[in-house]
Amino acid sequence: MSIPLELYPSQDDLLYEEEILRNPFSLKLWWRYLIARNESPFKKRSVIYERALKALPGSYKLWYAYLRERLEIVRNLPVTHSQHESLNNTFERALVTMHKMPKIWVMYLQTLTEQKLVTRTRRTFDRALCALPVTQHDRIWGPYLYFVSQRGIPIETSLRVYRRYLKFDPTHIEDFIEFLVNSELWQEAAERLAGVLNDDRFYSIKGKTKHQLWLELCNLLTSHATEVSGLKVDAIIRGGIRKFTDEVGRLWTSLADYYIRRGLFEKARDVFEEGMTTVVTVRDFSVIFDGYSRFEESVLAAHMESLDIGDEEENNQDKEEKDERFDTKVSLAKFTYKTLHGFWCNDDNDVDLRLARLEHLMDRRPELANSVLLRQNPHNVEQWHRRVKLFEGNPTKQILTFTEAVRTVDPMKAVGKPHTLWISFAKLYVEHNDIANARVIFDKAVQVNYKTVDNLASVWCEWAEMELKHKNLEGARELMRRATAEPSVEVKRRVAADGNEPVQMKLHKSVRLWTLYVDLEEGLGTLESTRAVYERILDLKIATPQIIINYASLLEEHRYFEDAFKVYERGVKIFKYPHVKDIWVTYLSKFVKRYGKSKLERARELFEQAVEMAPADNAKPLYLQYAKLEEEHGLAKRAMKVYDQAAKALPDKEKLQMYEIYIARAAEFFGVPKTREIYEQAIESGLPSEDVKTMCMKYADLEKSLGEIDRARAIYIFSSQFADPRSDNDFWSRWHDFEVQHGNEDTFREMLRIKRSVSASYSQTHFILPENLMQKDSRLNLEETVDTLKRAGVPEDEMANLERQLAPAAQDNSTRRLGFVSAGVESQSGVIRTPDGGRKVVADQDAIELPEDDDEEEGDKEVEIAQRDVPAAVFGDLAQKVAEEVGEDGDARKRESDSKLGALERMKRHKKG
């Protein structure tokens, strides 16, 4: 065989050839030669590779590079090309020396897998596993499993390979199960999956839980019920139901599906019914019920379709006149059909029955859902009531439900009110006019040991109301006597020995029972029997304020007034505030209405006792009632004293309203001047700043209405310290209007100066200690100031200087005062109004002295003094009453005419007289 010339070494190769001739076993020289001929055709490079491998057959580097290049050459060639066989031969030659190299084996095996040579590839995989050590088998098993998982590989071959692999690594059993499922080998897949679930040491490398594996097994068993045998499917699924409670509905449906696929429809129905009656969650119930309803619908549809097909076959067979009973070739099915056709026991047309079964299932859904909720908590009273409503119109079912409810519900564990079950049970008999059985139910109900006394009392009350509705009045009273009877000493001793005291022992102290008993006695009994019941309530110390009031009202209706007042007295001794408030108000109003002024001192003592016991928040209505008593039956002076006491005793939030009432009543009785003292008292009583400002504004309006402009201005000056000009525009606008109407330029400027000063004081946030003390209210005397300076750490020499500065300021009454001046008010002209109504002139250093005129000149001049009538409100109601009592007397008319004269005319008449 001739070698082509291009395969011979060229002139450029002589250098490498000479070096190789000198040292043919040097891998480095051969590798340099191959790198130098990297661009040469593969045929030439293959010659170099073959020569190098002949010299160095154990070089992994040369074999690996050579095989890689040959793989690249055949990559795009079809698998039937001869180059693939040449490549396989090269791999076989390489494995003679490279049989311990897993990389070479993997390359060879992947090549054979791509060539689709099944038998040769399988045997080569086996040779690789035999040649390589066990520690490197994992590099072979991956491609091996991929090979046997390909389409076209015989199933038996794949199974054997997987079984061998599981002996090498049992942890990959899940891959084998997945392969079995994909290969539709359901029997072995189910067995392997069951074995995994029974292995307590199994750990899923795919992160699957036991729950997921259980669901996979159940799905496998139910979906392929006919293909899988040998496993106890019912026991397996029921074991999962007991073990995994979060998928109970799905497992019950799977078990029913298993029987459906096996054709056991009645067994499937039993499974559905069992599942619906055992699940405890609404979600599981919904899953089972939906599966059950779909099953019934599908069975009905399939049966109707089969009936249509059967009718067609019957019509076709009727056309044939041949008697098939004598035909030996006829099938057994046809023979049975023809023989038994027409008999009622062989009638397949049961569509109506199947429809009725489906409708019955749908009608039972509310009842079944309620049963699920009751299984969650059988002591839920509300769910039992809902269950009874489901059977509305069926008294028998309702009675059975009530019976089951009262037997099941434990009053100590009940959620809701268990006594309502007994009451509704009795009312059911009442609705059907069976009073005898209703009494039996009530009699059993009152013997139940409830959690609270109120539950038992409700049963007794309902029983009594039932008797009243049916005109059994004495029976109702007798029931109340039984209910309120105190247990005997022997019964108490037995209960104490037992240690578990039922609510029946406390029933005689139920306020609800006694209230109904009292109502029955008032309507049906006598006064003595009713009083006995009330007295029993008071003896048991269970009376309420309303019972006290009702008892007293009963006695008043029968004109036992003193006994009624004694009941009120007992009530105010029993209860404290705020419960006794209604008793006091009712007691006092009844007493005043009854006796009026005949027992005034006793009424005053009661009021004094009431206001003394009442807290400040609840004393206002009592004070007003007390003052009204004095106004109508007592003395006006004492009424004013009551108002004054109330204004001082009430809390700050109610003082303003009380002072307004006080002022209004004082003006009505004693005239407007009397209110000045009340205004001053209110301002100095410690009201909140906003209320002080309101009171000052009303005081100023009063003085302005009386013509006392200087006093009104002084009040405005005092109240200005409580009004921020930035927010309280109403006050400053009213003062502004007042100065415009009654003031002058100096007073207006003074108002503006005060406004600026007040605005600065509200915006000021930092104070210097000595200046702040010097500007304090005049109520802070010199000694208090010195003590404050000592506590602040001011040296003694500085305090002495300040003491000298503050001493004249404290004694000088002409300085500006920040506090409220109650009597004399300093005017702008240096005139002070004294408390007795006169005026005192104070020397003003800045005033201009004017020459004094003679008295005679003043007398000669005719000076007209403005005259103004005194408002009638000044004198009050008492003065008017005195004037009315005087009548038409002449001296009275003279005094009245003199009172209307001006001041100058009265002086002249006095001199003449």
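Remarks
- The distance linking the stretch 251-302 with the stretch 12-52 is 80 Å (Cα centroid to Cα centroid, whole angstrom).
- Selection from 124, 111, 42, by position along the positive dipole direction of the stretch 1-146 (Cβ): 124
- Amide H within-cut-off set for residue 380, under 5 Å, with H built and near neighbours excluded: 415
- Debye intensity ratio in log₁₀ form over the Cα atoms of the stretch 242-301, taken at each q of 0.13, 0.21, 0.28 Å⁻¹: -0.29, -0.73, -1.18
- Taking the Cα centre of the stretch 140-181 as origin and assigning +1 to Lys and Arg Cβ atoms and -1 to Asp and Glu Cβ atoms, the resulting dipole is close to 200 debye.
- Where a label projected 7 Å from the Cα of residue 632 along Cα→Cβ would reach, residues of the stretch 583-598 with amide N under 14 Å: 586-598
- Taken about its Cα centre, the stretch 549-678 carries a charge dipole of roughly 140 debye when the Cβ of each Lys and Arg holds +1 and the Cβ of each Asp and Glu holds -1.
- Counting every alpha-carbon pair across the stretch 169-221, the share separated by more than 16 Å comes to 32%.
- Over 19 Å between alpha carbons, listed pairs 208/232; 61/103; 628/653; 576/620; 620/655: 208/232; 628/653
- Sorted on the mean count of surrounding Cβ atoms within 10 Å across their residues, most packed first, peptides 541-553, 133-145 read 541-553, 133-145.
- Taking a sphere under 14 Å around the Cβ of residue 616 and counting the other residues whose Cβ falls inside, with K and R at +1 and D and E at -1, yields a net charge of +1.
- Residue 364-residue 149 FRET efficiency (beta carbon distance; Förster radius 51 Å; 0.05 resolution): 0.50
- Rotationally averaged projected area of the stretch 66-128 (alpha carbon convex hull; nm²): 3.9
- Debye log10 I(q)/I(0) at q = 0.12, 0.13 Å⁻¹ for the stretch 608-668, Cα point scatterers: -0.24, -0.29
- Other residues lying with their Cβ under 12 Å from the Cβ of residue 182 contribute a combined charge of -2, Lys and Arg counting +1, Asp and Glu -1.
- Computed magnitude of the charge dipole of the stretch 45-130 (debye, nearest 20; Cβ of K, R +1, Cβ of D, E -1): 180
- By accessible area with a 1.4 Å probe, ligands and nucleic acids excluded, highest first: order of 580, 287: 287, 580
- Over the stretch 346-483, all Cα pairs binned in 5 Å intervals from 0 give whole-percent P(r) values of 2, 9, 17, 18, 15, 12, 9, 5, 4, 3, 2, 1, 1, 0, 0, listed from short to long.
- Low-density loop cleavage sites - trypsin sites (Lys or Arg not before Pro) in the stretch 157-205, where at most 12 other Cβ are within 10 Å (DSSP): 201
- Relative pair counts by distance (%), Cα atoms of the stretch 489-613, 10 Å bins: 11, 36, 28, 16, 7, 2, 0
- Principal axis dimensions, largest first and in whole angstrom, of the stretch 446-537 by Cα: 41, 26, 18
- At a probe radius of 1.4 angstrom, the accessible area of the stretch 423-496 per residue rounds to 53 square angstrom.
- Portion, in percent, of the accessible area of the stretch 40-153 that falls on carbon or sulfur, probe 1.4 Å: 56
- Farthest toward positive dipole pole in the stretch 497-632 [+1 Lys/Arg, -1 Asp/Glu at C-beta], among 587, 515, 623: 623
- Part-to-part distance (alpha-carbon centres) for the stretch 62-121 and the stretch 521-546, which is given in Å: 114
- Taking 0.36 nm per residue of sequence separation and removing the Cα-Cα distance, the residue 618/residue 18 pair yields an extension gain of 203.2 nm.
- With the alpha-carbon atoms of the stretch 117-217 aligned to their principal axes, the span from lowest to highest coordinate is 42, 30, 17 Å, starting with the largest.
- The GluC sites (Glu not before Pro) of the stretch 663-742 meeting both criteria, a DSSP state outside H, G, I, E and B (loop) and at most 15 other C-beta atoms within 10 angstrom of the site's C-beta, are 684.
- Space enclosed by the convex hull of the alpha-carbon atoms of the stretch 554-668, per residue, Å³: 95
The values are calculated or read from the model by the stated rules, or taken from the named source; none is laboratory data. Computed from a predicted structure; not experimentally measured. For neighbour counting, all protein chains shown are included, and Cβ atoms are generated from backbone atoms with ideal geometry for every residue, glycine included. Accessible surface areas use protein heavy atoms only, side chains included; no ligands, DNA or RNA. Shrake-Rupley method; radii C 1.70, N 1.55, O 1.52, S 1.80 Å.
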